[in-house]
Amino acid sequence: MTQPETCTIDINAGQRRLEVAPGRSLFETLASEDVLLPSICGGDGRCGCCQARVLSAANEPTPAERKHLTPEQLGADWRLTCQVSVRGDLSVEIPEEFLAAKPVRARLEWMQEMTYDIRMLRFALIEPERIAFRAGQYIKLNVPTSVATSRPSRPFSFANPPSDDRAVELIVRHNPRGVCTNWIFNRLQPGHEVRLSGPYGHFGLSDTDLPMVWVAGGSGLSAFCSMLRHMAETGIERPCTLYFGAVARRDLYLLDELHAYQRDHAWFAFAPALSAPQPDDDWGGETGLITDVLDRHLDDGSGMEAYLCGSPGMLAAARKVLAAKGIGPERTFYDAFIRSANG
């Protein structure tokens, strides 16, 4: 069969129509038109992030898709767009948030060491000059092609509030085996230009006035920084307790700021905990896994909401504790980032 000179990609029943050249993957083709689906592996089929429904004829599912997608998902036309070849007209369904995400050029203003393996970064926007996002959302930072030819990207939650819309602040934890964070910690310098895309995600404050429990571990504090700063700026006074878990004192950061919020705002309480304090830590606060601390201090969660940011293991343990306290999945919110060697 002769390959057509151009193909039409119909997105979300006519919401957007693209006229494109055939021959590349659907993921690459959409990215060339600034339709930016999430991907950690850069389109190699290893992370399983770039999912969409492909409602018209396409190549048969690949082994990578059968690994990352359930038979039920495949039966409902879900595909990994990096594994779908554009050989003819296609009709696809993409979550609205990914249609709204845009490429962003920015320049690193500064990088501050928070702990031995966590840094806060601030990027000044170049194009566009402003970015609209909700407290709790995330953005993707792209690794330059000079570092990794597969162009992996990594999601990081905004740490700055939405009012600070000319910049992006991120809290990044170093993964010694990761392409992205090794590049950040070892090569990225103030003044360097970077490429980002976003915003993404549905995580953030609900529109209720219910009291809240926040549970964070490691760099998961980032989204809560954005949310807390936003609440303080806009006068949102929903009762909130932040449980923040670390291993030892050297893993804690932003303590002065968080204690200041607790001092200045009656609606906010801060409960840091160490799971393995060292003899010289001189620690008189809570000890144990942060989910154990949560279990000890939360009596009745009925009529409350929970917000979680951390590792998959912490999320699973926290959800179990919360359910036992009366906070079911309908009132438990989180964005579960997919981790990989590109971290």
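The values are calculated or read from the model by the stated rules, or taken from the named source; none is laboratory data. Fair warning: this is a prediction, and the values are worked out from it, not measured in the lab. All Cβ positions, even for glycine, are placed from backbone atoms using ideal geometry, and neighbour counts span all protein chains on display.
Quick notes on this one:
- Elements of the type strands (runs of 3 or more DSSP E) sitting completely within the range 153-211 and holding at least 3 residues that are aromatic (F, W, Y), modelled with pLDDT of 95 or more and more than 25 Å from L36 (Cα to Cα): there are none.
- Candidate set from the range 23-48 (those that are more than 19 Å from E93 (Cα to Cα) and of a type outside the set (G, A, S)); member that is surrounded by the fewest Cβ atoms within 10 Å (Cβ to Cβ): D44
- Test: residue in the range 129-145 that is surrounded by fewer than 17 Cβ atoms within 10 Å (Cβ to Cβ), modelled with pLDDT under 95 and farther than 23 Å from H202 by Cα: yes
- Listing of helices (runs of 4 or more DSSP H) fully contained in the range 240-343 that carry 1 or more residues being touching a residue at least 60 places away in the same chain (Cβ under 8 Å), under 25 Å from the mean Cα position of the chain (by Cα) and surrounded by 21 or more Cβ atoms within 10 Å (Cβ to Cβ): 290-297, 312-324
- Being in contact (Cβ under 8 Å) with a residue 40 or more places away in the chain and either out of contact with any Pro (no Cβ under 8 Å at 6 or more places or on another chain) or of a type in the set (D, E, K, R) (or both) is not true of G75.
- Only strands (runs of 3 or more DSSP E) whose full extent lies in the range 1-97 are considered here, and the ones with at least 2 residues that are under 28 Å from C180 (Cβ atoms) and modelled with pLDDT of 85 or more are 51-54, 78-80.
- The set of residues in the range 25-56 that are farther than 20 Å from N142 by Cα and out of contact with any Lys or Arg (no Cβ under 9 Å at 6 or more places or on another chain) comprises L55, S56.
- Qualifying residue in the range 119-126 (condition: exposed (fewer than 14 other Cβ atoms within 10 Å of the Cβ), over 20 Å from the mean Cα position of the chain (by Cα), outside the structural domain of R296 (by TED's automatic domain parsing) and in a loop (DSSP other than H, G, I, E, B)): no
- Neighbours by Cβ (under 8 Å, 6+ apart or cross-chain): first from the range 159-183, closer than 19 Å to M231 by Cβ and surrounded by fewer than 20 Cβ atoms within 10 Å (Cβ to Cβ); second of a type in the set (D, E) and modelled with pLDDT of 95 or more: S163/E233
- R130 falls short on exactly one of the conditions (1) under 27 Å from E5 (Cα atoms); (2) free of Cβ contacts under 8 Å to residues at least 60 places away in the same chain; (3) not polar (S, T, N, Q), and that condition is (1).
- Qualifying position, being basic (K, R), out of contact with any Asp or Glu (no Cβ under 7 Å at 6 or more places or on another chain) and either under 30 Å from G218 (Cβ atoms) or without any contact (Cβ under 8 Å) to a residue 12 or more places away in the chain (or both), among R107, R66, R87: R66
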